[in-house]
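Visitor: Below you'll find the structure I mean.
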Amino acid sequence: ISKPVKKEPPTFTESLKDVTIGLNKSHTLSCVVGGIPIPEVIWYKDDQPFASKFLSYESRISKYTIETTTETTAGTYKCIATNEMGESTTTCNVVIQEKPSITIDEKLISQNLRVQSQYEVVANVTGYPVPKVQWFKDNIKIDTNEEYTVETTKTTTRLFIKSIERHHSGKFTVKAKNTAGTAVVDLSVSVIDKPS
């Protein structure tokens, strides 16, 4: 003979926590469920229930492991616990962000060029959300015009000058910016001309 168990509605003794994480990372969302009898749990992403081999529920701890984060990982995750006494919910937001990074061939960082030669720099740019990229000459913003060609895609940016002149000597700067941060690379150009 056993004493009747006092039934209790579900409660989350540890809730889900918001997380901001980069791409291609691993992360585990977890919560601890109370209540008698032991509640059943269902996971939702953006209000859609889902099942996964990466979901586990043992010793009242419910976990969802994100093996590799992608752009589609972002969203609102919810765990609902239910037993005959009622239900309880815990929610968190997963935000995917990655600080920009700019990669440029080392030999392009500082160059000596003859007058009327071509100047071209191609940089690889990464980050999420896709960064906004800008070019500057001595801290003045450059756009495509008769003198400069600026081309930017999701992963690269290119600065091109068809015929470089003495006044192009100085500092060129490429800047990539998104909600996660900013990356900046400075380039030095020295234009060589015969004496006049």
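Visitor: Would you check if Lys17 is of a type in the set (Lys, Arg), assigned to a strand (DSSP E or B), touching a strand residue (DSSP E or B) at 6+ places or on another chain (Cβ under 9 Å) and over 30 Å from Asp186 (Cα atoms)?
Guide: On the way: of a type in the set (Lys, Arg): yes; assigned to a strand (DSSP E or B): no; touching a strand residue (DSSP E or B) at 6+ places or on another chain (Cβ under 9 Å): yes; over 30 Å from Asp186 (Cα atoms): yes.
For Lys17, the condition - of a type in the set (Lys, Arg), assigned to a strand (DSSP E or B), touching a strand residue (DSSP E or B) at 6+ places or on another chain (Cβ under 9 Å) and over 30 Å from Asp186 (Cα atoms) - is not met.
Visitor: Are any residues in region 98-108 open to solvent by less than 60 Å² (accessible area, probe 1.4 Å) and modelled with pLDDT of 95 or more, and if so, which ones? Please lay out each step first, then the result.
Guide: Within region 98-108, the first condition is being open to solvent by less than 60 Å² (accessible area, probe 1.4 Å), and the residues that meet it are 98, 100-102, 104, 108.
Correct list: Pro100, Ser101, Ile102, Ile104.
Visitor: Within region 127-137, does at least one residue satisfy the condition of being among the hydroxyl-bearing types (Ser, Thr, Tyr), out of contact with any Cys (no Cβ under 6 Å at 6 or more places or on another chain) and outside any strand (DSSP E or B)?
Guide: no
Visitor: Quick check on this structure: which one of Glu98, Glu58, Glu67, Glu87 is more than 30 Å from Pro10 (Cβ to Cβ) and either charged (D, E, K, R) or under 25 Å from the mean Cα position of the chain (by Cα) (or both)? Please lay out each step first, then the result.
Guide: On the way: Glu58 fails: more than 30 Å from Pro10 (Cβ to Cβ); Glu67 fails: more than 30 Å from Pro10 (Cβ to Cβ); Glu87 fails: more than 30 Å from Pro10 (Cβ to Cβ).
None of the others qualify; the one that does is Glu98.
Visitor: Of all residues in region 1-22, how many are of a type outside the set (Val, Ile, Thr), open to solvent by 80 Å² or more (accessible area, probe 1.4 Å) and under 24 Å from the mean Cα position of the chain (by Cα)?
Guide: Residues meeting the conditions: 2.
Visitor: Next up: Taking region 161-196 as the region of interest, how many residues are of a type in the set (Gly, Ala, Ser) and closer than 17 Å to Ile140 by Cβ?
Guide: Filtering region 161-196 down to residues of a type in the set (Gly, Ala, Ser) leaves 163, 169-170, 176, 180-181, 183, 188, 190, 196.
Of the ones still in play, those that are also closer than 17 Å to Ile140 by Cβ are 169-170, 188.
Counting residues in region 161-196 that are of a type in the set (Gly, Ala, Ser) and closer than 17 Å to Ile140 by Cβ gives 3.
Visitor: Tally the residues that are open to solvent by 70 Å² or more (accessible area, probe 1.4 Å) and closer than 24 Å to Glu147 by Cα, restricting the search to region 123-134.
Guide: Residues that pass the stated criteria total 2.
Visitor: Name the pairs whose Cβ atoms lie under 6 Å apart, with the first residue in region 145-163 and over 15 Å from Val189 (Cα atoms) and modelled with pLDDT under 95, the second open to solvent by 40 Å² or more (accessible area, probe 1.4 Å) and among the aliphatic types (A, V, I, L, M), and 6 or more positions between them or separate chains?
Guide: Note: pairs meeting the criteria are Lys154/Val130.
Visitor: May I ask you to list the residues in region 143-196 that are outside any strand (DSSP E or B) and under 24 Å from the mean Cα position of the chain (by Cα)? Outline the logic, then answer.
Guide: At the first step, the residues of region 143-196 found to be outside any strand (DSSP E or B) are 143-148, 153-155, 162-169, 179-180, 193-196.
Scanning region 143-196 gives Thr153, Lys154, Thr155, Thr179, Ala180.
Visitor: Can you tell me which condition Val115 does not meet? The list is (1) out of contact with any Asp or Glu (no Cβ under 8 Å at 6 or more places or on another chain); (2) open to solvent by less than 70 Å² (accessible area, probe 1.4 Å); (3) modelled with pLDDT under 95, and all the others hold.
Guide: So Val115 meets the others, but not (1).
Visitor: If a residue has to be out of contact with any Phe, Trp or Tyr (no Cβ under 8 Å at 6 or more places or on another chain) and closer than 28 Å to Pro131 by Cα to count, how many in region 152-169 make the cut? Write out each step before concluding.
Guide: Filtering region 152-169 for residues out of contact with any Phe, Trp or Tyr (no Cβ under 8 Å at 6 or more places or on another chain) gives 152-156, 158, 162-163, 165-167, 169.
Now drop any that are not closer than 28 Å to Pro131 by Cα, which leaves 152-156, 158, 162, 169.
Residues meeting the conditions: 8.
Visitor: Would you call Lys25 surrounded by 13 or more Cβ atoms within 10 Å (Cβ to Cβ), in contact with a Ser or Thr (Cβ under 7 Å, 6 or more places away or on another chain) and outside any strand (DSSP E or B)?
Guide: yes
Visitor: Identify, please: which residue in region 36-88 is free of Cβ contacts under 8 Å to residues at least 12 places away in the same chain, part of a strand (DSSP E or B) and of a type outside the set (A, V, I, L, M, F, W, C) and is, among those, surrounded by the fewest Cβ atoms within 10 Å (Cβ to Cβ)?
Guide: Glu58
The values are calculated or read from the model by the stated rules, or taken from the named source; none is laboratory data. Computed from a prediction, not measured in an experiment: that's the story for all the values here. Please note: Cβ atoms are built from the backbone with ideal geometry, for glycine as well, and neighbour counts cover all protein chains shown. Side chains are part of the model used for accessible areas, which takes the heavy atoms of the whole protein and leaves out ligands, DNA and RNA. Shrake-Rupley method; radii C 1.70, N 1.55, O 1.52, S 1.80 Å.
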